[in-house]
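The block underneath contains the structure these notes are about, expressed in structure tokens.
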Amino acid sequence: MDEFDGFGFELFLVLERFLPVAPSWNTIAIVGVGMIGGSIGRGLLARGIVDRVIGIGRNSSRLELAKQVSAVSETTTDLAAGVAEAELTIICTPVGTIADFARQIAKNCPTHGLITDAGSTKRKIVESLQQTPSVSQFVGSHPLAGSEKAGVEHADGDLLVDRLVIVTPSELTAAGNTEKISRFWTSLEANVREMSPANHDQAVAAISHVPHAVASMLAAATPNSFLSLASTGWLDTTRVASGDAELWRQILTQNQTCVLNSLRDFEKVLTSFLNALEQGDQEAILKLLTAGKQRRDALAD
């Protein structure tokens, strides 16, 4: 029995080297407790990853709702007080405000406190923060999960399970901080990929930002008189157009260059289709439709 116990302990030591170490947090603050921020908070509390989740916002009634749905354990409208003891603060606000919030948080959080975000753009945010050395503890993040539905009432503690989170450190980011932020997201059962801010923005322009713009323009171009006939095809294609328009204005303008480049690529394909349809070129039409089907089917459930 003693020999078996010794073997078991040695085996544990070997396995421990390959097992991820669960992060341990006492206090995490979330600025902006909507659907994304609320989902993160619910996931943290449900898994016992953190002792305290402090929700920070401007609307007391919305913060109270966040507490009622177990997205946070405490709330405050005072940013400085909310981050004063936070080992990690997650900014879940529209992208146009993230850099300013990060600067304010850096002035008020502990010196060892880390800052990340959930924004859909990265290059401009990181470039802005690089002008502020005191924000060196910021590590950008982008959870590729969400919904067109807004509000903490739609928060889901399992939102990030098996979903991708892109982490975007800059050249000023300490490697240890990147690792801590990556481990934070994996503790919520997400898959993490590291990219540069510029490469991130190019990629999401193609797979997120342009699809949203195209869906919105398609919805806007549909005559009101035909809407009563709309069924699953139109509804599925335009679903994301229901997203918050102001939030998406900020995203699209912050990532303007990459979005324009991706839109021009889309324009070339659309023009090819228009020409083929106008000329009745059956082979070209079939080729373009098949290419679209193959790309979509490659990611089919």
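The values are calculated or read from the model by the stated rules, or taken from the named source; none is laboratory data. Everything numeric in this text was worked out from a predicted model, so none of it was measured. A quick note on method: Cβ atoms are made from the backbone with ideal geometry, for glycine too, and the neighbour counts reach across all protein chains shown. Side chains included, ligands, DNA and RNA excluded: accessible areas come from the protein's heavy atoms. Shrake-Rupley method; radii C 1.70, N 1.55, O 1.52, S 1.80 Å.
Listed here are the pairs K124/K180; K124/K293; K124/K268; K268/K293; which of them are more than 25 Å apart at the Cα?
On the way: K124/K180 23 Å; K124/K293 34 Å; K124/K268 27 Å; K268/K293 18 Å.
As for pairs spanning more than 25 Å Cα to Cα, those are K124/K293; K124/K268.
Per-residue extension of 0.36 nm, minus the Cα-Cα distance of R249 and L277, leaves a gain of 6.8 nm for this segment. Judged by the mean number of other Cβ atoms found within 10 Å, the most tightly packed of the peptides 36-45, 49-58 leads the ranking 36-45, 49-58. Once the cut-off is 37 Å, how many percent of the Cα-Cα pairs in the chain end up in the long-distance tail? Beyond 37 Å sits 26 percent of the P(r) for the chain. Note: relative contact order over the chain, using C-alpha pairs below 8 Å and six or more positions apart, is 15 percent. Within segment 236-251, name every residue whose backbone N is under 12 Å away from a label modeled 7 Å from Cα of L270 along the Cβ vector. Answer for segment 236-251: none.
Counting DSSP beta bridges with both partners in the chain, what percentage is antiparallel, nearest 5? Before the final figure, lay out the partial values.
On the way: 4 of 26 bridges.
Percent antiparallel among DSSP bridges in the chain is about 15.
If every alpha-carbon in segment 69-158 counts as one equal scatterer, what log10 I(q)/I(0) does Debye give at q = 0.12, 0.13, 0.21, 0.26 1/Å? For the requested q values the scattering log ratios are -0.39, -0.46, -1.11, -1.40. Helix content alone sets the calculated 222 nm mean residue ellipticity of the chain: runs of n ≥ 4 DSSP H residues at -39500 (n - 2.57) each, divided across all residues, give -15500 deg cm²/dmol. Derived scalar couplings between HN and Hα for segment 195-205 equal 9, 6, x, 5, 5, 4, 5, 5, 5, 6, 4 Hz in order, rounded to whole Hz, by the Karplus curve 6.51 cos²θ - 1.76 cosθ + 1.60 (θ = phi - 60°), x for Gly and Pro. Just add up the charged neighbours of M195: K/R +1, D/E -1, any other residue whose Cβ is under 13 Å from the Cβ of M195. Net charge around M195: +1. Using +1 at the Cβ of each Lys and Arg and -1 at the Cβ of each Asp and Glu in the chain, identify which of S60, I28, T111 lies farthest towards the dipole's positive end. Final value for the positive-end residue is S60.
What does the charge add up to near G43, with Lys and Arg as +1, Asp and Glu as -1, over the other residues with Cβ less than 14 Å from its Cβ?
Values: positive: R42, R47, R163; negative: D156, D158, D162, E189.
Charge balance in the 14 Å sphere: -1.
Ordering S216, Q131, V161 by the projection of their Cα atoms onto the charge dipole of segment 75-217, which places +1 on the Cβ of Lys and Arg and -1 on the Cβ of Asp and Glu, puts Q131 at the extreme positive end. Using every pair of distinct Cα positions in segment 93-244, the Kirkwood expression returns a hydrodynamic radius of 17.2 angstrom.
Kirkwood radius and radius of gyration were both taken over the C-alpha atoms of segment 222-301, and their ratio Rg/Rh is 1.03. Check the straight Cα-Cα distances from K149 and name the lysines below 25 Å, setting aside those fewer than 8 residues away within the same chain. Filter leaves K67, K122. To the nearest ten degrees, helix 175-187 and the longest principal axis of the Cα atoms of the chain are 80 degrees apart. The residues of segment 184-301 present an accessible area of 68 Å² per residue when probed at 1.4 Å with all protein chains retained. The HN-Hα couplings worked out from phi for segment 164-171 by the Karplus form 6.51 cos²θ - 1.76 cosθ + 1.60 (θ = phi - 60°) are 8, 10, 9, 10, 10, x, 9, 5 Hz, whole numbers, x standing for Gly and Pro.
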